[in-house]
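J.: Okay, here's the structure, questions in a sec.
The values are calculated or read from the model by the stated rules, or taken from the named source; none is laboratory data. Note that the structure is a prediction, hence the values are computed from the model and not measured. Because the Cβ atoms are built from the backbone with ideal geometry, glycine has one as well, and the counts that use them run over all protein chains shown. These area figures cover heavy atoms from the full protein model, side chains too; ligands, DNA and RNA do not enter into them. Shrake-Rupley method; radii C 1.70, N 1.55, O 1.52, S 1.80 Å.
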Amino acid sequence: MTRLKGIGGLALLTGLLALLGWTQPAAAQGSGSTTLDAVRSRGQVLCGIAGNVPGFSLPDSQGVMRGIDADSCRAVTAAALGDAAKVKFVATTTQNRFTALQSGEVDMLSRSTTWTLGREANLGLEFAWVNYYDGTGFLVKKSSGVKSAKEMDGATICVQPGTSTELAIADYYRLNNMKWTPILIADLSEIQGAFLSGRCDAYSTDASALATFRFSQGPKANDLVLLPEIISKEPLGVMVRKGDDKWFDLVRWTFIAMITAEEKGITQANVDTFMDSKDPDIRRLLGLEGDMGKALGVDNKWAYNVIKAVGNFGEMWDRNITPMGVPRGINNIWTKGGLQYAPPIR
(Lines give C-alpha, C1' and ligand atoms only; values in the text may rest on other atoms or scores of the structure.)
Protein backbone atom coordinates (compact mmCIF):
# COMPACT_ATOMS: atom_id res chain seq x y z
CA MET A 1 0.00 0.00 0.00
CA THR A 2 2.85 2.37 0.87
CA ARG A 3 4.38 1.71 -2.54
CA LEU A 4 1.10 2.46 -4.32
CA LYS A 5 0.85 5.72 -2.43
CA GLY A 6 4.38 6.54 -3.45
CA ILE A 7 3.58 5.93 -7.11
CA GLY A 8 0.41 7.99 -6.83
CA GLY A 9 2.37 10.76 -5.15
CA LEU A 10 4.93 10.69 -7.94
CA ALA A 11 2.18 10.95 -10.54
CA LEU A 12 0.66 13.87 -8.66
CA LEU A 13 4.03 15.60 -8.43
CA THR A 14 4.63 15.06 -12.16
CA GLY A 15 1.25 16.58 -12.93
CA LEU A 16 1.94 19.59 -10.75
CA LEU A 17 5.32 20.15 -12.39
CA ALA A 18 3.67 20.03 -15.82
CA LEU A 19 1.16 22.66 -14.71
CA LEU A 20 4.04 24.84 -13.55
CA GLY A 21 5.68 24.61 -16.99
CA TRP A 22 8.26 21.95 -16.20
CA THR A 23 8.65 19.41 -18.98
CA GLN A 24 10.38 16.14 -19.61
CA PRO A 25 13.96 16.33 -20.97
CA ALA A 26 14.25 16.94 -24.71
CA ALA A 27 15.39 13.35 -25.23
CA ALA A 28 11.87 12.18 -24.44
CA GLN A 29 10.43 14.43 -27.14
CA GLY A 30 13.02 14.55 -29.91
CA SER A 31 16.68 13.93 -30.64
CA GLY A 32 17.95 15.05 -27.25
CA SER A 33 19.33 18.22 -28.85
CA THR A 34 17.31 21.42 -29.04
CA THR A 35 19.57 22.64 -31.85
CA LEU A 36 19.23 19.45 -33.89
CA ASP A 37 15.47 19.47 -33.37
CA ALA A 38 15.35 23.09 -34.60
CA VAL A 39 17.54 22.19 -37.59
CA ARG A 40 15.21 19.33 -38.50
CA SER A 41 12.13 21.49 -38.07
CA ARG A 42 13.40 24.13 -40.50
CA GLY A 43 15.15 21.57 -42.73
CA GLN A 44 18.33 23.61 -42.75
CA VAL A 45 21.56 24.21 -40.84
CA LEU A 46 22.43 27.88 -40.37
CA CYS A 47 26.22 28.20 -40.45
CA GLY A 48 28.16 31.37 -39.65
CA ILE A 49 31.14 31.98 -41.94
CA ALA A 50 33.27 34.92 -43.12
CA GLY A 51 32.27 34.64 -46.77
CA ASN A 52 35.25 36.59 -48.10
CA VAL A 53 38.38 34.52 -47.40
CA PRO A 54 39.93 32.43 -50.21
CA GLY A 55 40.46 28.83 -49.18
CA PHE A 56 38.10 29.18 -46.21
CA SER A 57 34.81 30.68 -47.38
CA LEU A 58 34.41 32.58 -50.63
CA PRO A 59 31.84 32.24 -53.43
CA ASP A 60 33.17 30.92 -56.74
CA SER A 61 32.26 32.31 -60.16
CA GLN A 62 28.93 30.45 -59.99
CA GLY A 63 28.10 31.86 -56.58
CA VAL A 64 28.78 28.56 -54.78
CA MET A 65 30.45 29.02 -51.40
CA ARG A 66 33.85 27.31 -51.39
CA GLY A 67 36.50 26.74 -48.72
CA ILE A 68 37.42 24.57 -45.77
CA ASP A 69 35.09 26.45 -43.43
CA ALA A 70 32.22 26.17 -45.91
CA ASP A 71 32.87 22.45 -46.37
CA SER A 72 32.95 22.03 -42.59
CA CYS A 73 29.42 23.43 -42.54
CA ARG A 74 28.38 21.04 -45.31
CA ALA A 75 29.84 18.06 -43.47
CA VAL A 76 27.85 18.77 -40.30
CA THR A 77 24.73 19.35 -42.40
CA ALA A 78 25.19 15.98 -44.10
CA ALA A 79 25.52 14.32 -40.68
CA ALA A 80 22.47 16.10 -39.27
CA LEU A 81 20.10 16.02 -42.24
CA GLY A 82 21.59 13.51 -44.68
CA ASP A 83 21.95 16.20 -47.34
CA ALA A 84 24.90 18.62 -47.44
CA ALA A 85 22.96 21.01 -49.68
CA LYS A 86 20.60 21.87 -46.82
CA VAL A 87 22.99 24.43 -45.38
CA LYS A 88 22.46 28.16 -45.32
CA PHE A 89 25.60 30.26 -45.10
CA VAL A 90 25.34 33.37 -42.92
CA ALA A 91 28.09 35.96 -43.35
CA THR A 92 29.49 37.27 -40.06
CA THR A 93 32.27 39.68 -39.09
CA THR A 94 35.02 39.39 -36.50
CA GLN A 95 32.93 41.66 -34.29
CA ASN A 96 29.45 40.09 -34.55
CA ARG A 97 30.32 36.39 -35.02
CA PHE A 98 29.99 35.41 -31.36
CA THR A 99 26.76 37.33 -30.89
CA ALA A 100 25.31 35.60 -33.94
CA LEU A 101 25.97 32.21 -32.35
CA GLN A 102 24.92 33.24 -28.85
CA SER A 103 21.61 34.66 -30.08
CA GLY A 104 20.74 31.61 -32.19
CA GLU A 105 21.07 33.44 -35.50
CA VAL A 106 23.33 30.55 -36.51
CA ASP A 107 23.54 26.94 -35.30
CA MET A 108 27.33 26.76 -35.57
CA LEU A 109 30.24 29.05 -36.34
CA SER A 110 32.88 28.00 -38.86
CA ARG A 111 34.83 31.20 -39.33
CA SER A 112 38.59 30.75 -38.85
CA THR A 113 38.05 31.40 -35.14
CA THR A 114 40.85 30.68 -32.66
CA TRP A 115 40.18 28.35 -29.74
CA THR A 116 41.17 30.17 -26.52
CA LEU A 117 40.38 29.75 -22.84
CA GLY A 118 38.85 33.23 -22.58
CA ARG A 119 36.44 32.63 -25.42
CA GLU A 120 35.38 29.22 -24.19
CA ALA A 121 35.06 30.25 -20.54
CA ASN A 122 33.37 33.63 -20.96
CA LEU A 123 31.11 33.52 -24.02
CA GLY A 124 28.81 30.58 -23.31
CA LEU A 125 30.30 28.90 -26.39
CA GLU A 126 32.64 25.96 -26.96
CA PHE A 127 34.91 24.59 -29.65
CA ALA A 128 33.92 21.23 -31.08
CA TRP A 129 37.02 20.60 -33.22
CA VAL A 130 40.00 22.23 -34.94
CA ASN A 131 39.82 22.24 -38.73
CA TYR A 132 43.03 24.24 -39.22
CA TYR A 133 46.09 24.58 -36.96
CA ASP A 134 47.51 28.02 -37.65
CA GLY A 135 49.56 30.87 -36.16
CA THR A 136 49.84 34.65 -36.36
CA GLY A 137 52.26 35.95 -38.99
CA PHE A 138 53.32 39.18 -40.68
CA LEU A 139 53.26 40.20 -44.34
CA VAL A 140 55.47 43.06 -45.54
CA LYS A 141 56.50 44.53 -48.86
CA LYS A 142 59.79 43.27 -50.24
CA SER A 143 60.79 46.89 -50.91
CA SER A 144 60.83 47.53 -47.15
CA GLY A 145 63.88 45.33 -46.76
CA VAL A 146 62.44 43.86 -43.55
CA LYS A 147 63.36 40.20 -43.08
CA SER A 148 62.31 39.60 -39.49
CA ALA A 149 59.48 40.73 -37.22
CA LYS A 150 62.12 41.90 -34.73
CA GLU A 151 63.17 44.56 -37.25
CA MET A 152 59.74 46.21 -37.00
CA ASP A 153 60.13 48.32 -33.85
CA GLY A 154 57.85 51.34 -34.20
CA ALA A 155 55.95 49.83 -37.13
CA THR A 156 52.33 50.49 -38.01
CA ILE A 157 50.48 47.21 -38.44
CA CYS A 158 47.10 46.65 -40.10
CA VAL A 159 44.98 44.26 -38.04
CA GLN A 160 41.29 43.46 -37.65
CA PRO A 161 39.79 44.58 -34.32
CA GLY A 162 38.34 42.06 -31.88
CA THR A 163 40.67 39.27 -33.03
CA SER A 164 43.19 37.09 -31.23
CA THR A 165 45.71 38.49 -33.74
CA GLU A 166 45.56 41.91 -32.08
CA LEU A 167 46.28 40.33 -28.68
CA ALA A 168 49.10 38.16 -30.06
CA ILE A 169 50.87 41.18 -31.59
CA ALA A 170 50.56 43.13 -28.34
CA ASP A 171 52.08 40.21 -26.40
CA TYR A 172 54.90 39.78 -28.92
CA TYR A 173 55.85 43.45 -28.90
CA ARG A 174 55.70 43.68 -25.11
CA LEU A 175 57.87 40.56 -24.77
CA ASN A 176 60.48 42.03 -27.15
CA ASN A 177 60.37 45.58 -25.68
CA MET A 178 59.22 47.06 -28.96
CA LYS A 179 56.52 49.54 -29.85
CA TRP A 180 53.88 49.36 -32.55
CA THR A 181 50.86 51.30 -33.75
CA PRO A 182 47.77 49.30 -34.69
CA ILE A 183 45.73 50.36 -37.70
CA LEU A 184 42.37 48.76 -36.86
CA ILE A 185 40.16 48.01 -39.87
CA ALA A 186 37.28 45.52 -39.71
CA ASP A 187 36.54 45.05 -43.42
CA LEU A 188 38.85 42.47 -45.02
CA SER A 189 39.14 44.06 -48.47
CA GLU A 190 39.67 47.48 -46.88
CA ILE A 191 42.45 46.28 -44.58
CA GLN A 192 44.21 44.53 -47.45
CA GLY A 193 43.87 47.65 -49.58
CA ALA A 194 45.28 49.77 -46.76
CA PHE A 195 48.35 47.54 -46.59
CA LEU A 196 48.91 47.54 -50.35
CA SER A 197 48.53 51.35 -50.50
CA GLY A 198 51.20 51.85 -47.83
CA ARG A 199 48.94 52.97 -45.00
CA CYS A 200 50.66 50.44 -42.72
CA ASP A 201 54.10 48.84 -42.69
CA ALA A 202 52.80 45.30 -42.21
CA TYR A 203 49.61 43.29 -42.38
CA SER A 204 49.07 40.71 -39.67
CA THR A 205 46.58 37.88 -39.33
CA ASP A 206 46.71 34.07 -39.42
CA ALA A 207 49.65 32.96 -41.55
CA SER A 208 47.34 30.86 -43.72
CA ALA A 209 45.26 33.89 -44.61
CA LEU A 210 48.40 35.92 -45.37
CA ALA A 211 49.66 33.15 -47.64
CA THR A 212 46.38 32.94 -49.55
CA PHE A 213 46.20 36.75 -49.85
CA ARG A 214 49.76 36.83 -51.20
CA PHE A 215 48.88 34.02 -53.63
CA SER A 216 45.82 35.97 -54.82
CA GLN A 217 48.07 38.82 -56.02
CA GLY A 218 49.22 36.78 -59.01
CA PRO A 219 52.35 38.20 -60.66
CA LYS A 220 52.66 40.77 -57.86
CA ALA A 221 52.89 38.06 -55.18
CA ASN A 222 56.69 38.25 -55.33
CA ASP A 223 56.50 41.87 -54.17
CA LEU A 224 55.24 40.64 -50.80
CA VAL A 225 57.17 38.72 -48.14
CA LEU A 226 55.72 36.50 -45.42
CA LEU A 227 58.12 36.89 -42.49
CA PRO A 228 59.46 33.68 -40.92
CA GLU A 229 58.15 34.28 -37.40
CA ILE A 230 54.92 32.61 -36.31
CA ILE A 231 54.25 34.40 -33.02
CA SER A 232 51.28 32.49 -31.63
CA LYS A 233 49.32 29.26 -31.69
CA GLU A 234 46.03 29.72 -33.53
CA PRO A 235 43.97 26.52 -33.58
CA LEU A 236 41.04 27.51 -35.76
CA GLY A 237 37.90 25.70 -34.72
CA VAL A 238 34.20 25.20 -35.21
CA MET A 239 32.07 26.60 -32.38
CA VAL A 240 28.66 25.78 -30.93
CA ARG A 241 26.63 27.02 -27.97
CA LYS A 242 27.22 25.48 -24.56
CA GLY A 243 24.38 23.51 -22.98
CA ASP A 244 23.46 21.35 -25.97
CA ASP A 245 25.77 18.39 -25.54
CA LYS A 246 24.13 16.28 -28.25
CA TRP A 247 24.71 18.94 -30.90
CA PHE A 248 28.28 19.42 -29.66
CA ASP A 249 28.81 15.65 -29.96
CA LEU A 250 27.45 15.54 -33.51
CA VAL A 251 29.62 18.43 -34.71
CA ARG A 252 32.74 17.01 -33.01
CA TRP A 253 32.28 13.45 -34.27
CA THR A 254 31.61 14.66 -37.81
CA PHE A 255 35.23 15.81 -37.98
CA ILE A 256 36.45 12.64 -36.28
CA ALA A 257 34.60 10.61 -38.92
CA MET A 258 36.34 12.53 -41.72
CA ILE A 259 39.75 11.96 -40.15
CA THR A 260 38.96 8.29 -39.58
CA ALA A 261 37.99 7.97 -43.24
CA GLU A 262 41.33 9.44 -44.30
CA GLU A 263 43.19 7.07 -41.96
CA LYS A 264 41.34 4.13 -43.53
CA GLY A 265 41.80 5.30 -47.12
CA ILE A 266 38.07 5.90 -47.60
CA THR A 267 37.25 8.70 -50.04
CA GLN A 268 34.22 10.35 -51.55
CA ALA A 269 34.75 8.31 -54.71
CA ASN A 270 35.40 4.88 -53.20
CA VAL A 271 33.26 4.86 -50.04
CA ASP A 272 30.68 2.52 -51.58
CA THR A 273 33.32 -0.14 -52.17
CA PHE A 274 33.81 -0.39 -48.40
CA MET A 275 30.19 -1.30 -47.66
CA ASP A 276 31.08 -5.00 -47.51
CA SER A 277 34.23 -4.43 -45.42
CA LYS A 278 35.00 -6.86 -42.60
CA ASP A 279 37.01 -4.23 -40.68
CA PRO A 280 34.99 -3.51 -37.47
CA ASP A 281 36.18 0.12 -37.40
CA ILE A 282 34.99 0.70 -40.95
CA ARG A 283 31.70 -1.08 -40.33
CA ARG A 284 30.94 1.14 -37.33
CA LEU A 285 32.03 4.24 -39.27
CA LEU A 286 29.73 3.49 -42.20
CA GLY A 287 26.75 2.52 -40.06
CA LEU A 288 26.84 -1.17 -40.89
CA GLU A 289 26.88 -2.10 -37.20
CA GLY A 290 27.05 -0.54 -33.75
CA ASP A 291 24.24 2.06 -33.77
CA MET A 292 26.79 4.92 -33.62
CA GLY A 293 24.39 7.30 -35.36
CA LYS A 294 21.59 6.41 -33.01
CA ALA A 295 23.84 7.36 -30.11
CA LEU A 296 24.25 10.82 -31.68
CA GLY A 297 20.54 11.21 -32.41
CA VAL A 298 20.89 10.80 -36.19
CA ASP A 299 20.77 8.09 -38.85
CA ASN A 300 23.36 5.33 -38.52
CA LYS A 301 24.60 6.30 -42.01
CA TRP A 302 25.54 9.78 -40.75
CA ALA A 303 29.28 9.33 -41.40
CA TYR A 304 28.66 7.66 -44.77
CA ASN A 305 26.57 10.70 -45.73
CA VAL A 306 29.41 13.04 -44.68
CA ILE A 307 32.06 11.16 -46.68
CA LYS A 308 29.82 10.77 -49.73
CA ALA A 309 28.99 14.48 -49.75
CA VAL A 310 32.26 16.14 -48.67
CA GLY A 311 34.95 13.46 -48.64
CA ASN A 312 37.53 12.72 -45.99
CA PHE A 313 39.53 15.37 -44.15
CA GLY A 314 42.43 15.26 -46.61
CA GLU A 315 40.12 15.69 -49.57
CA MET A 316 38.58 18.75 -47.95
CA TRP A 317 42.07 20.19 -47.46
CA ASP A 318 43.32 19.38 -50.97
CA ARG A 319 40.22 20.85 -52.57
CA ASN A 320 40.42 24.17 -50.72
CA ILE A 321 43.86 24.85 -49.25
CA THR A 322 46.38 23.09 -51.49
CA PRO A 323 45.56 25.35 -54.50
CA MET A 324 46.53 28.34 -52.32
CA GLY A 325 50.10 27.05 -52.19
CA VAL A 326 49.95 26.26 -48.45
CA PRO A 327 51.62 22.98 -47.39
CA ARG A 328 49.56 20.75 -45.12
CA GLY A 329 52.29 20.43 -42.50
CA ILE A 330 50.94 20.01 -38.96
CA ASN A 331 47.40 19.78 -40.34
CA ASN A 332 48.16 16.32 -41.68
CA ILE A 333 46.88 13.19 -39.95
CA TRP A 334 49.03 11.82 -37.15
CA THR A 335 50.39 8.91 -39.19
CA LYS A 336 51.97 11.49 -41.51
CA GLY A 337 53.44 13.69 -38.78
CA GLY A 338 50.46 15.96 -38.24
CA LEU A 339 48.14 16.79 -35.35
CA GLN A 340 44.86 15.42 -36.70
CA TYR A 341 44.14 12.27 -34.70
CA ALA A 342 40.80 10.48 -34.56
CA PRO A 343 39.53 8.95 -31.30
CA PRO A 344 37.89 5.55 -31.89
CA ILE A 345 34.32 5.34 -33.16
CA ARG A 346 33.07 2.50 -31.02
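J.: Order 39-46, 179-186 from most to least packed using the mean count of other Cβ atoms within 10 Å.
T.: Going by the mean number of other Cβ atoms within 10 Å, highest first, we get 39-46, 179-186.
J.: Another question, if that's okay. What does the accessible area of C73 come to, in Å² to the nearest 10, when a probe of 1.4 Å is used?
T.: We get 0 Å² for C73.
J.: Sticking with this one: Can you work out the accessible area per residue across the chain, with the rest of the protein chains kept in place, probe 1.4 Å, in square angstrom?
T.: Computed with neighbouring chains in place, this is 47 Å² per residue.
J.: For region 141-187 and region 217-240, what is the separation of their Cα centres, given in Å?
T.: 13
J.: Distance from the Cα centre of region 313-346 to that of region 90-114, in angstrom?
T.: Measuring centre to centre over Cα atoms gives 24 Å.
J.: Further question: Taking Rh as the Kirkwood radius computed over C-alpha pairs, what is the Stokes-Einstein D of region 130-206 at 4 °C in a medium of viscosity 1.567 mPa s, expressed in µm² per second?
T.: After rounding, the answer is 102 µm²/s.
J.: Give me the accessible area of S189, 1.4 Å probe, in Å² rounded to the nearest 10.
T.: We get 80 Å² for S189.
J.: So how compact is region 174-241: Cα radius of gyration and Dmax in angstrom?
T.: 13.9, 43
J.: Please list, in chain and number order, the residues 5+ apart from W180 or on another chain whose amide H is under 5 Å from its amide H, with Hs placed from the backbone.
T.: Close amide H contacts, sequence-distant or interchain: G154.
J.: Distance cut-off 20 Å, Cα to Cα: go down the list K179/K233; K86/K308; K301/K336; K150/K220 and report the pairs above it.
T.: In this structure, K179/K233; K301/K336; K150/K220 exceed 20 Å between Cα atoms.
J.: Rounded to the nearest 20 Debye, what is the dipole magnitude of the chain about its Cα centre when Lys and Arg each give +1 and Asp and Glu each give -1 at the C-beta?
T.: For the chain, the charge dipole is close to 360 debye.
J.: Using the Cβ atoms and a cut-off under 11 Å, what net charge is assigned to the surroundings of Q160, where Lys and Arg are +1 and Asp and Glu are -1?
T.: Net local charge, Q160 excluded: -4.
J.: I'd like the FRET efficiency for E120 and D223, computed as 1/(1 + (r/R0)^6) with the beta carbon distance as r and R0 of 56 Å, rounded to 0.05.
T.: With a Förster radius of 56 Å, E is 0.90.
J.: Could I ask something else about it? Farthest toward the dipole's positive end in the chain, which of T92, N305, T335, given Cβ charges of +1 (Lys, Arg) and -1 (Asp, Glu) about the Cα centre?
T.: N305
J.: Within the set of other residues whose C-beta is less than 10 Å from the C-beta of S144, count the net charge using Lys and Arg as +1 and Asp and Glu as -1.
T.: Net charge in that neighbourhood comes out at +1.
J.: Now a separate question. Restricting to the chain, what percent of DSSP beta bridges are antiparallel, rounded to 5?
T.: 60
J.: So, one more: Quick check for me: using +1 on Lys/Arg Cβ and -1 on Asp/Glu Cβ, what's the dipole size of region 98-190 about its Cα centre, in debye to the nearest 20?
T.: That gives region 98-190 a dipole magnitude of about 540 debye.
J.: Something else: Tell me, what HN-Hα J-couplings in whole Hz come from the Karplus equation 6.51 cos²θ - 1.76 cosθ + 1.60 at θ = phi - 60° for each residue of region 229-235, using x for Gly and Pro?
T.: For region 229-235, the Karplus curve yields 6, 10, 9, 7, 8, 10, x Hz.
J.: Once R0 is set to 35 Å, what does the formula 1/(1 + (r/R0)^6) return for the Cβ-Cβ distance between K336 and M275, expressed as a FRET efficiency to the nearest 0.05?
T.: 0.85
J.: Just from its helices, what would the mean residue ellipticity at 222 nm be for the chain, if runs of 4 or more DSSP H residues each count -39500 (n - 2.57) and the sum is divided by every residue, rounded to the nearest 500 deg cm²/dmol?
T.: -11500 deg cm²/dmol
J.: Still on this structure: Identify, among G145, L117, P182, the residue whose Cα sits farthest towards the positive end of the charge dipole of the chain, taking +1 on the Cβ of Lys and Arg and -1 on the Cβ of Asp and Glu, with the dipole about the Cα centre.
T.: In the chain, that residue is L117.
J.: Leaving ligands, DNA and RNA out of it, report the carbon-plus-sulfur percent of the accessible area of region 227-293 at a 1.4 Å probe.
T.: Whole-percent figure for carbon plus sulfur exposure: 50.
J.: Which entry in [x] 16.3; [y] 22.6; [z] 34.6 is this structure's computed mean projected area of the Cα convex hull in nm²?
T.: Correct label is [y].
J.: Rounding to the nearest 20 debye, state how big the charge dipole of region 196-322 is about its Cα centre with +1 on each Lys and Arg Cβ and -1 on each Asp and Glu Cβ.
T.: Magnitude of the dipole: close to 280 debye.
J.: Also, quick follow-up: Counting alpha carbon pairs within less than 8 Å and at least 6 residues apart, what relative contact order, in whole percent, applies to the chain?
T.: Answer for the chain is 21 percent.
J.: Give the value in nm², to one decimal: projected area of the alpha carbon convex hull of region 210-346, averaged over all directions.
T.: 10.4
J.: Please name whichever of V225, S41, V64 sits farthest to the positive end of the charge dipole of the chain, dipole taken about the Cα centre and charges placed at Cβ: Lys and Arg +1, Asp and Glu -1.
T.: S41
J.: Carbon and sulfur atoms: what percent of the 1.4 Å accessible area of region 66-140 do they account for?
T.: Carbon-and-sulfur percentage of accessible area, whole number: 49.
J.: Which value in Å is the Kirkwood Rh of region 87-134 over different Cα pairs?
T.: 11.5
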